[in-house]
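Values in this text are rule-based calculations from the coordinates and carry no lab data. If you're wondering where the values come from, they're calculated on a predicted model, not measured in any experiment. All Cβ positions, even for glycine, are placed from backbone atoms using ideal geometry, and neighbour counts span all protein chains on display.
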Amino acid sequence: MGIDPDEKSAFKAYVIDRARDPGETPNARQRAMMACLVIPAPIQKWMIEAGAIEPLLDSIEKTIIAAEKYARENR
């Protein structure tokens, strides 16, 4: 079990394409998923096998939401 290289490449292409259109801002969960792309493949594989992906995504998503809230309140 691991991340299929073709699927990973397709997702990276999707992220790059979305980034080109400022009207298509990804939500916090999507940005959390993008952040996970930088995790090395062996660690991604271990995290998937251990069931650790969802808790990590939850944590990153909450951090993004909190940071955006803070930024809005402290402009």
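Values computed for the structure shown
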{"read-out": "Rough spin-label spacing in nm, given labels placed 7 Å along Cα→Cβ, for residue 41 and residue 68", "value": "3.2 nm"}
{"read-out": "Descending semi-axes in whole angstrom, ellipsoid equivalent of the chain, from the Cα gyration tensor", "value": "25, 18, 7"}
{"read-out": "Point-charge dipole on Cβ atoms (K/R +1, D/E -1) for the chain, about Cα centre, debye to 20", "value": "320 debye"}
{"read-out": "Cα-based helix-to-principal-axis angle, 41-50 vs the chain, degrees rounded to 10", "value": "90 degrees"}
